[in-house]
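Asks: Below are the C-alpha cells for one structure; questions will follow.
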Amino acid sequence: MTFSPPWLLRNAHVQSVLPSLKIRRPLLMRRARAMLAVSKPVLLDCGEGVRLLGMHSAQPNAQIAAQGTQRSELVVLIHGWEGSADSLYVMSLAGYLFDHGYHVFRLNLRDHGPTHHLNEDIFHSCRIAEV
C-alpha cells in the first residue's frame with residue numbers, strides 16, 4: 001500500500017507540525033472520551049530502580065459485545081522525542097484504536113509527562129532498552 005496524503009499535506013514538515021497543534025485538543029478530547037473514561041495509570045517496575053508510568057485503556061466487555069468483536073489485542077503506544085502519553089498525536093491514535101476494539105497502553109518514557117519524580121537518573125536515548 002502506498003501512502004498518498006492529500007495535496008495540502010504532502011509536505012513532511014506540515015505532517016510533523018499539524019498533529020501537534022493545540023487547537024486540535026478540544027475536538028480530540030471529545031473523540032477520545034470513551035478511551036479516557038476507562039484509562040487507568042499503571043506503574044511499571046523495569047528493574048534497577050527504573051519505574052515507568054503508562055495509561056491502560058481496556059475495552060469494557062459490554063463495548064466489545066456491542067461491536068461484535070472479540071479482540072484481545074493490546075496496542076502499546078510510545079511517544080516521540082519531547083512528547084508524552086498525553087501528546088495530541090498519541091491521544092488521537094489511541095482514541096481511534098480504542099474505538100475500533102483494541103486495548104491501548106500509552107507509555108511515558110522516563111522523565112516524560114508527569115514522571116520526573118519516579119527515577120533518580122535522567123532519560124537519554126541510550127536508555128531505550130529499559131522499555
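The values are calculated or read from the model by the stated rules, or taken from the named source; none is laboratory data. Just so it is clear, the structure is predicted and the values come from calculations on it, not from any experiment. Glycine also receives a Cβ, built like all others from the backbone with ideal geometry; neighbour counts cover every protein chain displayed.
Asks: Just checking: which of the strands (runs of 3 or more DSSP E) contained wholly in the range 48-127 hold 1 or more residues that are modelled with pLDDT of 85 or more and surrounded by fewer than 16 Cβ atoms within 10 Å (Cβ to Cβ)?
Replies: Working: elements: 51-57, 74-78, 103-107.
Once the strands (runs of 3 or more DSSP E) in the range 48-127 are filtered for at least 1 residues that are modelled with pLDDT of 85 or more and surrounded by fewer than 16 Cβ atoms within 10 Å (Cβ to Cβ), what remains is 74-78.
Asks: Right, next: Could you please give the count of residues in the range 9-47 that are under 18 Å from Y89 (Cβ atoms), hydrophobic (A, V, I, L, M, F, W, C) and in a helix (DSSP H, G or I)?
Replies: Counting residues in the range 9-47 that are under 18 Å from Y89 (Cβ atoms), hydrophobic (A, V, I, L, M, F, W, C) and in a helix (DSSP H, G or I) gives 11.
Asks: Can you tell me how many residues within the range 73-107 are among the basic types (K, R) and touching a Phe, Trp or Tyr at 6+ places or on another chain (Cβ under 7 Å)?
Replies: 0
Asks: Six or more apart or on different chains, Cβ atoms under 8 Å: show the pairs whose first residue is in the range 81-105 and within 18 Å of N61 (Cα to Cα) and whose second is of a type in the set (D, E) and not in a strand (DSSP E or B).
Replies: The qualifying pairs are Y102/E73; H103/E73.
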